[in-house]
Structures are given as C-alpha cells and as structure tokens.
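Just below is one structure, and these are the notes that go with it.
The values are calculated or read from the model by the stated rules, or taken from the named source; none is laboratory data. In this text, all values refer to a predicted model and were calculated from it rather than measured experimentally. Reconstructed Cβ throughout: ideal geometry from the backbone, glycine too, with neighbour counts over all protein chains shown. Side chains are part of the model used for accessible areas, which takes the heavy atoms of the whole protein and leaves out ligands, DNA and RNA. Shrake-Rupley method; radii C 1.70, N 1.55, O 1.52, S 1.80 Å.
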Amino acid sequence: MVKCALCVHLIYSDIVQRSREELKAIRETNPGLKPTLAIIQVCLCIGLNVMQICLPRQCTEEEVSDAANSEKQIRVSFLSKSVRNAIKPQKDVDGIYFFCNTPLDAPLIGKMAVLVGVEGPLKATLQFLLQNNGMMVQTCQWSSKHLQKQFLGVVCYFQQQRAMLLCFRRDIWIDHRSDIEISRAQTPKPISQLAQEVGLLPEELEAYGNTKAKVHLSLLNRLQHQPNGKYVLVAGITPTPLGEGKSTVTIGLVQALSAHLKLNSFACLRQPSQGPTFGVKGGAAGGGYAQVIPMEEFNLHLTGDIHAITAANNLVAAAIDARILHEATQSDKALYSRLVPSVNGVRCFSPIQMARLQRLGINKSDPSDLTPEEVRAFVRLDLDPEKVTWQRVIDTNDRFLRKITVGQANTEKGNARQTQFDIAVASEIMAILALTDGLADMRARLGRMVVGSSRNGQPITADDLGVTGALAVLMKDAIKPTLMQTLEGTPVFVHAGPFANIAHGNSSVLADKLALKLVGEEGFVVTEAGFGADIGMEKFFNIKCRTSGLKPDVVVLVATVRALKMHGGGPNVTAGVPLPKEYISENLQLVADGCSNLKKQIQIAHLFGVPVVVALNAFKTDTQAEIDLVCRIAEASGASAAVQCHHWSRGGRGSVELAQAVKKVASQKNYFQFLYNLQKIRTIAQKVYGADDIELSPEAQAKIDYYNQQGFGALPICMAKTHLSLSHMPEKKGVPTGFILPIRDIRASIGAGFIYPLVGTMSTMPGLPTRPCFYDIDLDPVTEEIKGLF
C-alpha cells in the first residue's frame, strides 16, 4: 500500500529562534555555504513512497487543503474543520485520535489537552499547534496509571441517589477498526460499580460475571414514590434490508445525554435473536462508538433469557402432543388414576387441577367424589390435532423447519401430525415477557395462553394442560432485566426481544419502568421500537403503552439519506452487495422524492399526539446538500427539530445536538392518545399504512367470528406485516396508495393480550442466505477472543 505523509514542519519557538541564530552565525563565517536539511528514510527500501511537503508557518488553510488533496493518502494531524472536510473520504487515512470534552467549534483558549502515546516530531508539532491556539497541554503514555483520570473521566450525577456515574467519553475522528475491536478496546466498568453509580442496592443485583447483572423487581417497590423521568421512543422510516441505525441512535443519544449534557439517562434495548446474528443482519449492540459492551456477550446468550423462553415454549409443545397421545390410548379411568395418583394411600388434586375443576364448574375437592361424567370432563381436553396452534421454537434461522411431521415413531402409535418451528423470539412467551409487570401477572398470562381448540370448538389453555407453574419456574430469572453499559459507561437495560413484523417489536415494560424510576424526574429513558414507525412505533403506542400505562414524551424518528433515496426510486439494496452508485454520489432529486416516506412517518407519530425529532443518521457518502435538504423537508413536514448525527464515528459527542433537541421538545406538553379504542384492523390499515380498505379471507373472517364468540374481541391488534414497505408489498417503496390490504389469517396471543392478523405472506421462521454471517465468525483458541462478530 502506498502511503504519503504531510509533515507540517513546526517546532517550538525557542528552538526555531536558536536554529536561526546558529544558521546565521554559520553563514557569516562561511558566506559560500548553503545550509541544507537532508532526510534519509529507510521506508524507500521497502517500496514505500514518501513525500515531504513543507509549508511555511503562515500558510493558509486553502494551501494546506490543496496539499492534502494533491496525493492519494495522507496522515491527518490537528486540522481545522474546513481542512478536515477537504480530505476526500475514500482515502486510506491513518488518523490521530482526539478525545474531546469541548464542543467541536468552541474556542480553544484556556482548554486543557492531553496528548496520549504521541512521541517525537509529531508530539512537538501537536503541542506547538495546541499551545499556539491558547490551550494548556499535558502528555502521557497509554500505560499511564492516571490515564483515565487525565482524559476519560467525566462525572454526571444520579441526583436522587446522590451517586456518581463515571462516563468514558470519546471523539475519534477516523478509525478503521471493526465494531468488535472497538468494543474490546474499552474495558467496561465492573457491573457492581455501575449498579452503585445508578443507585441500585447490592441486594437488588444478581451478577452474571463482571460485566452484566440481573436487577431484582423489588426495586419498583423501593422507588414507588419516585417520579418518572422523560420517556423517549426511537423509531424509524421504512428501512432498507440493512437497517438504518436505530440502535446506534439510541445508544449515541443516551451517551450524549449522560456523558455530555450530564443528565441521568438509561437506554432500554431488546435482546437480539441469534437467528439474525448468524444470518444476514448480524448483531444488535449498535456499532462504531455507539454500542453496548461487551458486544459479544450482548449478542450471544446474554443471561440466557431466550434459552429459557425456548425451553418453556417447547415444554408446552411436548405437553400438547403427549396429552393427545395419552387421551387417544387410555380409558377415562386409566387417565384419572395417572393424573390424580395415590401417594401413600392418599389421592388429592394439585392446585392447578383444582383451578381446572372450578373452570368446569365442578366444586369438589375430593377425587373420590367425582361422577363418571365429571371424571371424563376433567381428564379429556379432546384437543383436535388439526387445530393445534402452538408451535415449537428454536433460536436459529432454519428454513427446513417451516413444515415438519412429528409422531412418526412406532411408539407414538400413529399419532403423527404436521406442524412447524418458529424462531424463538416469535414465541408468545417472549411477548408475555415483554408486556408483563411482575411475576404474578406473568404466571397468569402464561396460564391464559391458548394452544389450540377442542373438537367441539372450545379453546384449550396452558392452564388446562397443567403446565403453567412449570413455565413460571423456567421464566423466574428471565423476568429480571439485564444491566449492561455503553461504550462510554452509561447504563443500559437489555430485556426481551420480540420481532416487530410478527410480534409487537419492543423491549420490556419492566425495564422501562425500572429505568424511569432510577433516572428521576429530570432524567431520560430512551427505548427503541423495531423496524419502521408504521410497525414498531404503532405497536409501541397501541399495545405496549396501553398495557403499561406509560405515556411517551417525544419520538426520535431515524432516517438515512440512502434509505430516502431508495424510497425516491433508487435501485434495490441487498445485504452483502456493494451499494449502487446512486447511494454513494449526490442525488438531491432522489432524496427529495424519498422524503415522502419520512413525511408519512411524521404524520403517523402525530396521529398519537406525540412530537417528533428527526435524527438523520449520517454516512460518509452523504453530502452536506443532501443532509440540509432532508432536515428542511422534515421540519416543513411537522418535525419539531431535525438534526444530523455522527454517533457512529464520534460516540456521544456526535449526538449532542440531537440530545439538546430531545431535551427541549420533551419539556413541552404533548397530547398522547391511542389511535383506536380496541380491535380496529381497518383503522390501522387506512390511517397508518394508507390502504384504501382491507380484504378478509374466508379463514380470517371465520377467525374473527370465533374470537368474538370466545370473548377475545376486545383485545388490541398486532399486525404481522412486512417491514420493507408501508403496504403488504415489500417492493413498493415511498408512500404506496390505492391498494387493498389482504388479511389472510388471524391468530390470537391471549396470554400476551393481543390479536395478530397475518397480512399477505409472512414467515415466522427466517431462512439462511447463501453466505451467512457465520462464515466470518471464529474463536481464537489461545486468547478465547471471538472474531468476525458485528
């Protein structure tokens, strides 16, 4: 690789003056001598081309910019904003890192600078430039014991706990490291320290190693009289298949609020599924300098919540098939003797069996008192194998499990049936975890889960199977949110992870409630809704807020120039394939046309009475003209503010302007309201998606009639729809109009508490692509470090 260095030959003023005097004396003694500086560089012998560009001390920024762009590559020193902007982004830049506690354009006079690990002429150059701008300068090595105190430590207070939060703040202009390398370069604070800083008591913490811990729900009782903080939702425009950075915006925003504005703040995020992590999308810890650390622990296993959900879900599936088998092969008397066995000569009903008797209207507690008819009603669920709605799950993208046959072994005596696997996060148990408000409520919801229908059309629940108590035992630890931290040391709750296209797509109610109490009245809790605002945000409002009773203060709507270009008519974007030229060169017309989608999403948020701040997630290929155009259109479309964000490359410092806008808008009164009273499929289709009407298939209409008959008609709606378009057609970008929304089927998550219509063709089990992410993931057997995770 060819490299060239721009050396600005500036040295200390006393050295300059002394050198001038010495050279003057030499010339006076030897008039014919012409002093010359010879630079011998061994780089040439290894094939490295080197050019020294010498500029006078009084050179202009334009001259520096011209020199910088005269060669292919350059080493960036302490350059002003205009010079930095002149350097073309496609160059391979080997940059100097700046850690800055001062606004980028603020006066430098009187500020303190710390030069870390810089030696030789470069150290002299930087020190001279900084001092010449009126700054005080200190230097230290990377190994210095006082390094953190010198340039990383910043204090912000969780005032209601009178605790201190140490935030690691960074502004790194140019960096070629991968997300996992950036994550690994920062040593997280011990989780016990973070817990103390945010006001948790030792007995409220259950550590899982040194970097993550479960938080006990008893905290809610201790802080029940503490006022809630401000509640911020991060949503997005209709994304490209690559995602548009809602997680990085969420993390960058809380880093800016905590580490830079010194406001108490918490991020509340979903736990990622390992399906996408090993498939196409990769992890969900954020990226660059706005991520949760350690990112490999965040993305892989975490504290085992998804595994607990998988075990609980599949226990229900096993109970269903076992019950069908046993009822098909045993008499009433045999079933009864096994379901209510004699132990030491005594027969008695278990508590969950007593509850079933009460539902059947049998008010007896002695097993010997039941009549044969009552025994038959008690022991026979009479599940119709063709009407079992409960599926097995696994946290892996496996397309060949979309339709399977179970019960083919001889021991199952001909009780084979067709079924399928779903991805684990599509389980109703995941939705329950995300919506519950405590152990008692979770157990009740688990018991209400409908797993199928009897042959006479009656719903069969987990309570009927007798499995509810066992499910609660499997989920007793999963109900506790997991505490982690961002790259800058600010707190994060990670809890629950339902998808947004086939479920309601939000992190847990419990995590939000805990965080809102911890930050106090002046603090901020920032949570994220999956996919576009038409899906994740709509479900956040109509389902999550309806369940929790919480009211949001502001919506942060994430957009990117490249996504807007796609909505404006640009070519399709495919993960793993280089972006077409339309997305890496300026095209204001595509951007302007695509802003129709941004405008529509702003309008959707306003349907709920919540103000919007647009966060434009900036990429290096965006031009300033494109960025300015998006911000102007956003504000003209009703956004309270629209700002560009650079959190990926600058961390919290890159989102300070966003944090300031959110703080201002959140302080204003809003008029939050639900979009519909209850169960209004047509309302969502027309007002949110822009459809002319809906079309119910005969099967969907039959399900509506059935659910109304069973008393489920008052439950809210969770639309299962593609996230790639406002319509049901993934290829239709922008703001489609003139379409009829087809509802092909309707299903019920009674335990979670919602009805979910299936719009068009939806799969609950993703498949792996030709080249999945796992090709790049490996483990170093010596260091045990994970490679290739992103």
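Quick test of your reading of the structure: Phe168 fulfils all but one of (1) modelled with pLDDT under 90; (2) surrounded by fewer than 22 Cβ atoms within 10 Å (Cβ to Cβ). Name the failing condition by number.
Evaluating Phe168 over (1) modelled with pLDDT under 90; (2) surrounded by fewer than 22 Cβ atoms within 10 Å (Cβ to Cβ) leaves (2) as the failure.
May I ask you to list the residues in the range 661-688 that are in a helix (DSSP H, G or I) and more than 22 Å from Ala615 (Cα to Cα)?
Ile681, Arg682, Thr683, Ile684, Ala685, Gln686, Lys687
Which residues, taken from the range 468-515, are open to solvent by 10 Å² or more (accessible area, probe 1.4 Å), hydrophobic (A, V, I, L, M, F, W, C) and more than 28 Å from Gly532 (Cβ to Cβ)? Even if it seems obvious, please write down each step before you answer.
Narrowing the range 468-515 to residues open to solvent by 10 Å² or more (accessible area, probe 1.4 Å): 469-470, 472-474, 476-477, 480, 499, 501-502, 513.
The next check asks that each one be hydrophobic (A, V, I, L, M, F, W, C); those that pass are 470, 472-474, 499, 502.
Once the filter is applied, which keeps residues that are open to solvent by 10 Å² or more (accessible area, probe 1.4 Å), hydrophobic (A, V, I, L, M, F, W, C) and more than 28 Å from Gly532 (Cβ to Cβ), the range 468-515 yields Ala470, Ala472, Val473, Leu474.
Taking the condition in a strand (DSSP E or B) and assigned by the TED database to the domain that holds Thr482, does Val249 pass?
When the stated conditions are applied, Val249 does not pass them.
What's the number of the condition Cys268 fails, among (1) modelled with pLDDT under 95; (2) touching an Asp or Glu at 6+ places or on another chain (Cβ under 9 Å)?
So the condition that Cys268 fails would be (1).
Restricting to the range 587-618, give me the number of residues that are among the polar types (S, T, N, Q), touching a helix residue (DSSP H, G or I) at 6+ places or on another chain (Cβ under 8 Å), open to solvent by 10 Å² or more (accessible area, probe 1.4 Å) and in a helix (DSSP H, G or I).
1
With the condition kept exactly as written, say whether any residue in the range 373-390 is closer than 30 Å to Asp512 by Cα, outside the structural domain of Gln196 (by the TED database) and crowded, with 17+ Cβ neighbours inside 10 Å.
yes
Take the conditions closer than 12 Å to Ala659 by Cβ and of a type outside the set (Asp, Glu) and apply them to Ser247. Does it pass?
The answer is no for Ser247.
Quick check on my filter: what residues within the range 531-586 are in a helix (DSSP H, G or I), over 21 Å from Tyr671 (Cβ atoms), open to solvent by less than 10 Å² (accessible area, probe 1.4 Å) and touching a residue at least 40 places away in the same chain (Cβ under 8 Å)? Working first, answer last.
Step one: list which residues in the range 531-586 are in a helix (DSSP H, G or I), which gives 533-548, 561-567, 581-583.
Among the residues that remain, those that are also over 21 Å from Tyr671 (Cβ atoms) are: 535-536, 561-567, 581-583.
Among the residues that remain, those that are also open to solvent by less than 10 Å² (accessible area, probe 1.4 Å) are: 535-536, 561, 563-566, 583.
Listed by number, the residues that qualify are Ile535, Gly536, Val561, Ala563, Leu564, Met566.
Quick check on Val688: is it of a type in the set (Val, Ile, Thr), within 24 Å of Ala431 (Cβ to Cβ) and either open to solvent by less than 50 Å² (accessible area, probe 1.4 Å) or in contact with a His (Cβ under 9 Å, 6 or more places away or on another chain) (or both)?
Yes; evaluated as a whole, the condition is true for this residue.
Among the residues of the range 553-575, what is the count of those that are in contact with a Cys (Cβ under 9 Å, 6 or more places away or on another chain) and either more than 30 Å from Val525 (Cα to Cα) or not assigned by the TED database to the domain that holds Gly252 (or both)? Before the answer, list the steps.
Step one: filter the range 553-575 for residues in contact with a Cys (Cβ under 9 Å, 6 or more places away or on another chain), giving 558-559, 564, 567-568.
Imposing the further condition that a residue be either more than 30 Å from Val525 (Cα to Cα) or not assigned by the TED database to the domain that holds Gly252 (or both) reduces the set to 567-568.
Number of matching residues: 2.
Enumerate the pairs (first residue in the range 659-670 and under 13 Å from Gly229 (Cα atoms); second residue anywhere and not aliphatic (A, V, I, L, M)) with beta-carbon separation below 7 Å, excluding pairs fewer than 6 apart on the same chain, so at least 6 apart or on different chains.
That search, which allows pairs on different chains as well, returns Ala666/Lys230; Ala666/Asp553.
Testing Ser453 on (1) open to solvent by 10 Å² or more (accessible area, probe 1.4 Å); (2) out of contact with any strand residue (DSSP E or B) (no Cβ under 6 Å at 6 or more places or on another chain); (3) not in a loop (DSSP other than H, G, I, E, B), one condition comes back false. Which one is that?
Every listed condition holds for Ser453 apart from (2).
Could you tell me whether Ala319 is within 23 Å of Thr419 (Cβ to Cβ) and more than 30 Å from the chain's Cα centre (by Cα)?
yes
Quick one: in the range 718-747, of everything that is of a type in the set (Val, Ile, Thr) and in contact with a strand residue (DSSP E or B) (Cβ under 6 Å, 6 or more places away or on another chain), which residue is most open to solvent (accessible area, probe 1.4 Å)?
Ile740
Of everything in the range 413-430, what is of a type outside the set (S, T, N, Q) and open to solvent by 60 Å² or more (accessible area, probe 1.4 Å)? Give them in sequence order.
Residues satisfying the conditions are Lys413, Gly414.
Out of curiosity, is Phe754 under 22 Å from Ile432 (Cα atoms) and within 27 Å of the chain's Cα centre (by Cα)? Before the answer, list the steps.
Working: under 22 Å from Ile432 (Cα atoms): yes; within 27 Å of the chain's Cα centre (by Cα): yes.
Here the answer is yes, as Phe754 does meet what is asked.
Those residues that are within 15 Å of Pro498 (Cα to Cα) and either open to solvent by 20 Å² or more (accessible area, probe 1.4 Å) or outside the structural domain of Asn228 (by the TED database) (or both), I need them from the range 256-295; list them, please.
Arg270, Gln274, Pro276, Ala284
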